[in-house]
Amino acid sequence: MTVTTRFAPSPTGTLHVGNVRTALHNWLLAKQAGGRFLLRIDDTDKERSREEYVEAIRADLAWLGLVPDGEERQSARFELYEREFARLVAAGRVYRCYETAQELELKRKVLLGRGLPPIYDRAALQLSEADHAAKAAAGERPHWRFLLDHDQPIEWTDGIRGPQHFDPRQMSDPVVRRADGSWLYMLPSVIDDVAMGISHVLRGEDHVSNTATQVQMFTALGAEPPKFAHEALLVGSEGKLSKRLGSLGMAELREAGIEPQAVIALLARLGTSDPVDPALDAEALAASFNLAHFGRAPARFDETELARVNAAIIHRLPFSAVADCLPAGMDEAAWATIRPNLSRLSEAADWWQVVTGPIAAPPQADEDRVYLAAAAGVLEQVGADWAALTAALKEQTGRKGKPLFLPLRQALTGQDHGPEMAALLPLIGQAAALERLRAAA
Ligand code: GLU
């Protein structure tokens, strides 16, 4: 069996971290098995779908490196839905209903008032062909429900949640098509999953009850249901489904200096028992991706953790990967020197400014100014060699530790902390270093 997964966003907004996590997990599942990952644009809702969101979804996936092996759009597949629907009509697995929203609401209230579950009573199944003809003559158009098979228990082994069991008698026949002919999500999704040979449907646990009805739709269409897995939802670090999380998009993360590899590394493991692996290559994460390691508890997304993973990623990025984003003149040696001090790539420019100058060094106490004057003398002799410089100064002044190093670092960089001086000093160069030491003295 070829593993084929799909990510099926509705283009009614941009992707947020929760959707991206679902997309990523489907990508990982497919890549791990050498299978295919498809992007399905669920744009049956003409009113709410927007082309700009389709483009934004593609762009975000591209930024993340989650390139689909194929793309389909539901709006281009209405003929197929029509054909499959006709089969279900012929088989008596969909039926015409006319209840208005108010009538349905009233039925619900009555049932709830009697302490009964608000399940649709299938009253429309009692209508005769003459009744339907009369409705049609009166200009009433039906909406359609899928007829659940009450004698077929609904069961599947969920890749994350384990054995699942639903009693179709406790469920309402779902509406699959509106009176104006438009489609609800349920049926086209199943038709597509069959047509596209989807082997694994991995999505959020908010879809579990949809899966229960969809399992019977697969069977009604004569297809074997795919394997299902439903992951626990993503919550904010405070443990709630936060508004912020629901709107936190890739553009915002990008602007905050988060690298795509950091998003991938964190989201790949979020909700699993596996530690975050700051891998530069998402394929490496695919090898160890395991649905069995997912827990049932909500997965916590923590922006502080993302920032930490981001730093770990940056500390591993090779020069070739970042060359285009670095300030002009910053070469491989400079990148290697500065990289361990970055939590965002944009900070490279700040450190490059320290290298190229001018810098603003803090004023020094009198005795340190004498010390820095001596340092200038030594540097003139030994060149931009940190080990030689500090060894000679230690010898000459008897200083060690902080009094030996800190005034030098401050005079040479204007900072108390930063990249290794041994690597930084040659980048600054002897002439500029000499100037800085003399200025501070
Ligand atoms: N368009 C649906 C959604 O975004 C797809 C759900 C599914 O994966 O089947 O919720």
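The values are calculated or read from the model by the stated rules, or taken from the named source; none is laboratory data. In this text the structure is predicted, and so the values were computed from the model without any measurement. Because the Cβ atoms are built from the backbone with ideal geometry, glycine has one as well, and the counts that use them run over all protein chains shown. Protein only, heavy atoms only, side chains kept; ligands, DNA and RNA dropped before computing areas. Shrake-Rupley method; radii C 1.70, N 1.55, O 1.52, S 1.80 Å.
Annotations
- A Förster distance of 35 Å, applied to the separation of the beta-carbon atoms of Gln32 and Arg122, puts the FRET efficiency at 0.20.
- Dividing the Cα radius of gyration of the stretch 274-321 by its Kirkwood radius returns 1.02 for Rg/Rh.
- Reciprocal mean inverse distance between Cα atoms of the stretch 96-193 - Kirkwood radius, Å: 15.6
- The stretch 40-178: C-alpha pair distances exceeding 19 Å, %: 69
- Options Phe301, Leu317, Pro278, ranked by Cα towards positive dipole end of the stretch 165-323, top entry (Cβ charges): Phe301
- DSSP-defined antiparallel bridges as percent of all bridges, the chain, nearest 5: 45
- Set of lysines with alpha-carbon distance to Lys394 below 29 Å, sequence-local pairs under 8 removed: Lys402
- Sequence of Phe146, Phe405 from largest to smallest accessible area, 1.4 Å probe: Phe405, Phe146
- Phe319-Arg50 pseudo-label distance in nm [points 7 Å out on the Cα-to-Cβ vector]: 4.4
- Rg ratio (alpha-carbon, reference 2.2 N^0.38 Å) - the stretch 335-397: 1.40
- Share of pairwise Cα-Cα distances greater than 17 Å in the stretch 60-107 is 66 percent (whole percent).
- With 32 Å as the limit, the listed pairs Lys107/Lys135; Lys107/Lys243; Lys46/Lys135 have Lys107/Lys243 beyond it between alpha carbons.
- Range of Cα positions in the stretch 90-145 per principal axis (Å), largest first: 36, 26, 15
- 37 °C / 0.692 mPa s Stokes-Einstein diffusion coefficient of the chain, Kirkwood radius on C-alpha pairs, µm²/s: 124
- Ranking Glu72, Glu420, Glu283 by solvent-accessible area of protein heavy atoms (1.4 Å probe, all protein chains present), from largest to smallest, gives Glu420, Glu283, Glu72.
- Extension gain (nm, one decimal) between Asp366 and Leu280, 0.36 nm per residue minus Cα-Cα: 26.1 nm
- Theoretical FRET efficiency, 1/(1+(r/R0)^6), r = Cβ-Cβ of Glu380 and Ala256, R0 51 Å, to 0.05: 0.70
- A straight Cα-to-Cα reach below 19 Å connects Lys400 with the aspartates and glutamates Asp366, Glu367, Asp368, Asp385, Asp416, Glu420, residues fewer than 8 places away in its own chain not being considered.
- Heavy-atom accessible area per residue - the stretch 15-164, 1.4 Å, Å²: 53
- Share of pairwise Cα separations in the stretch 181-286, more than 20 Å, in percent: 57
- The apolar share of the surface of the chain, taken as the fraction of accessible area on carbon and sulfur atoms (1.4 Å probe, ligands and nucleic acids excluded), comes to 51 percent.
- When the stretch 251-340 is reduced to its Cα atoms, the Kirkwood hydrodynamic radius in Å: 14.4
- Most to least packed among 372-380, 218-226 [average Cβ atoms within 10 Å]: 372-380, 218-226
- Computed over protein heavy atoms with a 1.4 Å probe, the accessible surface of the stretch 272-327 works out to 52 Å² per residue.
- q = 0.11, 0.13, 0.19 Å⁻¹, the stretch 1-64: log10 I(q)/I(0) [Debye, one scatterer per Cα]: -0.26, -0.35, -0.70
- Alpha carbon convex hull of the stretch 375-420, projected area averaged over orientations, nm²: 3.0
- Annotation note: GluC sites (Glu not before Pro) in the stretch 1-58 located in DSSP loop regions with a Cβ neighbour count of at most 11 within 10 Å are Glu47.
- For the peptides 386-394, 6-14, the ranking by mean Cβ contacts within 10 Å, running from highest to lowest, is 6-14, 386-394.
- Whole-number D in µm² s⁻¹ for the stretch 303-441, Kirkwood Cα-pair radius fed into Stokes-Einstein, 37 °C, 0.692 mPa s: 208
- Ignoring aspartates and glutamates fewer than eight residues from Lys227 along the same chain, the ones with Cα atoms less than 16 angstrom from its Cα are Glu155, Asp158, Asp192, Asp193, Glu205.
- Counted residue by residue at 0.36 nm each, then reduced by the alpha carbon distance between them, the extension gain from Leu112 to Glu224 reaches 36.8 nm.
- Spacing of the modelled spin labels on Asp416 and Ala62, each 7 Å from Cα toward Cβ, amounts to 4.6 nm.
- Separation of alpha-carbon centers, the stretch 38-100 and the stretch 155-211, rounded to whole Å: 14
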